[in-house]
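*Asks:* So that we are looking at the same thing, I have put the structure below in structure tokens.
Where a number appears in this text, it was derived from the coordinates with a stated rule and is not lab data. The model shown is predicted, which means the values in this text are computed figures rather than measured ones. We place every Cβ from the backbone using ideal geometry, glycine too, and count neighbours over all the protein chains shown.
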């Protein structure tokens, strides 16, 4: 008799579960559906300029599933999100398309390597050591842009555009790593999180910034970003200011390695990209920052 009783008990449980589901889903559809949000004019603009040409999701509504729960963060205002979207399109994506304009598909470089998500956060993240996080890259798939609600076109455009270069270098390095010789040039002078208290003699030691001393990966991103964001004249002025011949030689060696890496692994002409990028930064005043009909 025991097997019969157990079978009957299981049958009753299944019936009860079915009845319960029927009460929650009278039409047979799941109740766990994300609420549909009506598309705005900005959403359609993003479709035309980010999603359709590049398959990039530009997330400005800041769903909490994407945030870091160890920080207090807030969503960005829509008007600031529009400005940042236009800035990144013009200075980064359009610049890459112009760089590759002689290719069969000028958009292929960005489509291949640029992350699939740009995620905007209104506030900055402040680390436990007191350092302000301006942006971050998530496994090559997402770039988080922070402090958007404080964005000022006159003061912050160059910083945001430069941050895109920095994070993009991380992604390229994660795709085809920079030759390991790079890590050995200043191997004994990386200091991790202590870089903020490391003094201002970083160039004498062979680094382009104080932050570059935190790790080889950040050194690559800092130096690689400056390959594009600094003119040849600016590079020479910086190198000439270094009193240590050893420090200058180390920076020059790093620069040569990165130029060859970008050329050989990605088909990128660094000098051409820099000229395009700097020209576009000088043209930002010509952007119609509010027009969403283009």
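*Asks:* Starting from the Cα gyration tensor of the range 133-229, take the square roots of the eigenvalues, sort them a ≥ b ≥ c, and report rounded, prolate or oblate (rounded when a/c is under 1.5, otherwise prolate if a/b is larger than b/c, else oblate).
*Replies:* oblate
*Asks:* Next up: Which distance in nm do the two modelled labels at residue 215 and residue 183 give, with both placed 7 Å along the Cα-to-Cβ direction?
*Replies:* Result for the modelled spin labels: 1.1 nm.
*Asks:* Rounded to whole Å, give me the distance from the Cα center of the range 76-114 to that of the range 158-236.
*Replies:* Here the answer is 23 Å between Cα centres.
*Asks:* Ranking request for peptides 158-168, 95-105, 219-229: highest mean number of other beta-carbon atoms within 10 Å first, then the rest in descending order.
*Replies:* Descending packing order for the listed peptides: 219-229, 158-168, 95-105.
*Asks:* Based on the mean of other beta carbon atoms within 10 Å per residue, what is the order of 74-85, 243-254, most packed first?
*Replies:* Descending packing order for the listed peptides: 74-85, 243-254.
*Asks:* What shape does the range 176-289 have by the C-alpha gyration tensor, where a ≥ b ≥ c are the square roots of the eigenvalues, rounded means a/c under 1.5, and otherwise prolate means a/b greater than b/c and oblate the rest?
*Replies:* Here the range 176-289 falls in the prolate category.
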